[in-house]
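Q: Sharing a structure, written as structure tokens. Questions coming.
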Amino acid sequence: MQLIWFRQDLRIHDHTALWQATQAGPCIALAIRSPAQSALHQDAQIKNEFYLRRLQQLKLELQSYNIPLIVQEVPLWKDIPAILLQLAQQLNIDALHANIEVGVNELSRDLHVQTLLEKNGIVFNLYHDRTLFPLVTIRNQSGQPYQVFSAFKKKCYEHLSLSLPQCYPPIQAQAPLPPHDLWDSASVDGPIADSSLFADAASLAWSVNEAEVLGLLDDFIEHQVQYYHQERDFPALDSTSRLSPYLNIGMLSIRQSLQALFRAQQGHFHIEHPGQQTWLDELLWREFYLHTLFDFPKLSKHAPFKDSTRNIPWRDAPEDLAAWQQGETGIPIVDAGMRQMLATGWMHNRVRMITAMFLSKNLLIDWRLGEAWFMQHLIDGDLAANNGGWQWCASTGMDAVPYFRIFNPISQSQKFDHDGNYIRQWVPELAHLDAKTIHEPYAKNPDLRLDYPKPIVDLKSSRVRAIEAFKNS
Ligand SMILES: Cc1cc2nc3c(=O)[nH]c(=O)nc-3n(C[C@H](O)[C@H](O)[C@H](O)COP(=O)(O)OP(=O)(O)OC[C@H]3O[C@@H](n4cnc5c(N)ncnc54)[C@H](O)[C@@H]3O)c2cc1C
């Protein structure tokens, strides 16, 4: 009997570990929840709900393949090896199958599981699945990991031009397994048994049906991707794929995304328009951050990539931090982004950059506080991409923005939310202002009476303060 352990890969199609397990024999599926561990990793409530809703649906979808899904809850990940051994022995498991996860805690958890199971004669097979290319295979001429995205991307393009990573064939239904207390009684479903727990309307906006999500991918590729390079930076437009929550919990695979992108080219790596290339490059940023998280374990441990930035004198400014967190900074584009995230669990990429740079540069507040706040509120919160994005904006990461290139949030707002429609949606106190005034309501008229704060920081002097702090550190 094979045991397939679902983690951040809650799908049936194109799932390496599931496919391999089904090739080896009859399967039982397992998911392990640990609310305390999830809290340690600062996972957002909305992300947890989304995950549980998806597990509920996955259980139903697996039933049509006669694969029962057991859902277990454990206190912490350190409790997993013993529980897994007990379960494997109870079910006569020959081999456990799972896809590799790249964070330091995840790797250490799996090593402990492997050691204990193998001591007891049970094989633990781990597979590359979350990235397009297996970890440690994208290397420079000296065999070292790339630290610059453009060189990493070039190498990826070389690999893609040889062949595109293929999706696995669909799995077949297996013969039904005999009834068992572990999967036939509703009481064993623990955390996914009670749908009424899932009350968050913002989470309900995201589908948990795998076929629907594949449909969203197809729609994006068919109708939107050709405009992506022109429209992706404008937060008022619905012009990016919004697939990040699905890629993050693994409802969608990276191979499926790539194959869809090149479907019109019959699966050949042939770039036909700039939209296609720009979207591919975003998928490769995701790839870059996952590979680097694995290659540089310090990134999982809250350390900056650039050691030289360890001594930056970050300000201890709890009131400024709270204003940023709640979208009350008096800088409309920043507040719009922060409020979008609080209300929906998602924020547009351009605004993630603006808000992150505003915190780490204009407010000179430690980027790790921002990283944690994003993690606590994003439905797509992902250690690799979030850490990568924050360290890029804070100029502490590899291939990050130079510290002296600080976005001016007002110019960004005027450029990317020209008509002010994004601000109008998320900062309704300013909705009546015209497209010129809305980006900087008090600039021309400091006495304007609005139920909206004045800027908590002067953009010019705070920019100089940040540059000095970085230069002297
Ligand atoms: C400070 C900061 C924090 C971020 N935190 C996260 C996070 O926790 N989780 C997350 O998935 N993304 C994060 N990103 C990256 C990016 O903002 C989101 O992936 C993107 O906004 C998701 O929207 P989309 O699915 O419409 O993306 P699209 O523009 O359609 O891009 C397609 C996919 O490519 C990947 N991608 C796109 N841009 C990036 C990027 N810059 N870095 C890594 N992957 C990328 C995502 O998987 C995305 O779904 C962060 C960026 C910044 C600047």
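Q: Heavy atoms only, probe 1.4 angstrom, no DNA, RNA or ligands counted: give me TYR422, TYR227 ranked by accessible area, highest first.
A: My answer, sorted largest first, is TYR227, TYR422.
Q: Between ASP219 and GLN89, what is the FRET efficiency for a Förster distance of 30 Å, r being their Cβ-Cβ separation, to the nearest 0.05?
A: 0.05
Q: Name the shape class, rounded, prolate or oblate, that the alpha-carbon gyration tensor gives for the range 112-177, where a ≥ b ≥ c are the square roots of its eigenvalues, rounded holds for a/c under 1.5, and otherwise prolate holds if a/b is larger than b/c and oblate otherwise.
A: Oblate is the answer for the range 112-177, as a/c is 1.5 or above yet b/c matches or exceeds a/b.
Q: Please grab the % of Cα pairs in the range 307-472 that end up more than 23 Å from each other.
A: For the range 307-472, the share of Cα pairs beyond 23 Å comes to 35 percent.
Q: Just the Kirkwood number for the range 2-129, please: inverse of mean 1/r across all distinct Cα pairs, in Å, one decimal.
A: 14.9 Å
Q: With each pseudo-label sitting 7 Å past Cα toward Cβ, what's the VAL123-ALA24 distance in nm, one decimal?
A: Distance between the two pseudo-spin positions: 0.5 nm.
Q: How far is helix 383-393 tilted off the main Cα axis of the chain, in degrees rounded to 10, range 0 to 90?
A: Compared with the principal axis, the helix lies near 20 degrees.
Q: Between GLU73 and HIS41, how many nm apart are label points set 7 Å from Cα along the C-beta direction?
A: About 1.8 nm, to one decimal.
Q: Would you mind getting the accessible area per residue of the chain, heavy atoms of the protein chains only, 1.4 Å probe, in Å²?
A: On a per-residue basis, the chain sits at 43 Å².
Q: Would you mind telling me the share, in percent, of accessible area of the range 2-129 contributed by carbon and sulfur at probe 1.4 angstrom?
A: Ligands and nucleic acids excluded, carbon and sulfur give 52 percent.
Q: When the accessible area of the range 258-338 is computed with all protein chains present and a 1.4 Å probe, what percentage of it is carbon and sulfur?
A: That fraction is 51 percent.
Q: What are the lysines whose alpha-carbon lies under 26 Å from the alpha-carbon of LYS298, with same-chain residues fewer than 8 places away excluded?
A: Answer for LYS298, where 26 Å is the Cα cut-off: LYS47, LYS78, LYS153, LYS154, LYS155, LYS306, LYS361, LYS471, listed by chain and number.
Q: Right, here's the next one. Per 0.36 nm of contour for each residue apart, how much would the distance between ARG263 and ARG449 grow if the chain were fully extended, relative to their Cα-Cα spacing?
A: 61.5 nm is the gain from fully extending ARG263 to ARG449.
Q: Quick one: Cα centre-to-centre distance for the range 338-406 and the range 145-170, in angstrom?
A: Computed from Cα coordinates, the inter-centre distance equals 26 Å.
Q: Could you work out how far helix 45-63 tilts from the main Cα principal axis of the chain, as a 0 to 90 degree angle to the nearest 10?
A: With rounding to tens, the tilt is 30 degrees.
Q: Assuming R0 = 45 Å, can you tell me the calculated FRET efficiency for the pair HIS180 and ARG405, based on Cβ-Cβ distance, to the nearest 0.05?
A: Efficiency at R0 = 45 Å is approximately 0.15.
Q: How big is the charge dipole of the chain about its Cα centre, in debye rounded to the nearest 20, if each Lys and Arg gets +1 on its Cβ and each Asp and Glu gets -1 on its Cβ?
A: Here the size comes out at about 1400 debye.
Q: Right, another one. Which whole-number percentage describes the relative contact order of the range 307-472, with Cα contacts under 8 Å and a sequence gap of 6 or more?
A: It rounds to 27 percent for the range 307-472.
Q: While we're on this one: Return the Rg/Rh value of the chain, two decimal places, where both radii are evaluated on C-alpha atoms and Rh is the Kirkwood radius.
A: 0.98
Q: Compute the label zone of GLN277 within the range 221-251: residues whose backbone N is under 17 Å from the point 7 Å along Cα-to-Cβ.
A: 225-232
Q: So how tilted is helix 210-223 from the main axis of the chain? Cα-based, degrees 0 to 90, rounded to 10.
A: Tilt relative to the chain: about 50 degrees.
Q: Shifting gears a bit: If I model a spin label as a point 7 Å beyond the Cα along the Cα-Cβ vector, how far apart are those points for ALA201 and GLN147 in nm?
A: It is 4.9 nm.
Q: Still on this model: Over the range 2-129, what is the relative contact order in percent, taking alpha-carbon pairs closer than 8 angstrom and at least six residues apart?
A: About 34 percent, as a whole number.
Q: Given the -39500 (n - 2.57) contribution per DSSP H run of 4+ residues, what per-residue ellipticity at 222 nm results for the chain, rounded to the nearest 500 deg cm²/dmol?
A: -13500 deg cm²/dmol
Q: Normalising by the residue count of the chain, find the relative contact order in percent from Cα pairs under 8 Å and 6+ residues apart.
A: RCO, the chain: 17 percent.
The values are calculated or read from the model by the stated rules, or taken from the named source; none is laboratory data. These numbers were taken from a predicted model, which means no experiment stands behind them. Methodologically, a virtual Cβ is constructed for each residue, glycine included, from the backbone with ideal geometry; neighbour enumeration extends over all protein chains shown. Heavy atoms of the whole protein, side chains included, go into the accessibility calculation; ligands, DNA and RNA do not. Shrake-Rupley method; radii C 1.70, N 1.55, O 1.52, S 1.80 Å.
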